[in-house]
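Derivation of every value follows stated rules applied to the coordinates shown; laboratory data play no part. These numbers come from a predicted model, not from an experiment. All Cβ positions, glycine included, derive from the backbone under ideal geometry; neighbour counts span all protein chains shown.
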Amino acid sequence: MGLLKFILTFIVVYYIFKFLSRLYLAYVLNKFKNNPFSHTKNKSSDEKEGDVTIDKMPKGNSKNKNVGDYIDYEEID
């Protein structure tokens, strides 16, 4: 009897979760559909449109001078 009660409880909880997740997903999709570009707004309002800002500067030279030995080769006809 305990196992049957557990299985029925599990099935009921599963269907409730499935129903609520479907409602939540519909809410999220409608919210995104109404305002799809809300995440692309600039955080600082004092910048003009078209200005370029650099958030992170590179650390020194990115070229590695020690890449290996040069191997000369001959073309084979």
### Query
So between LEU8 and LYS31, what do we pick up on full extension, going 0.36 nm a residue minus the alpha carbon distance?
4.8 nm
### Task
Tell me the label-point distance for the pair LYS48, PHE17, using the 7 Å Cα-to-Cβ offset, in nm and rounded to one decimal.
5.5
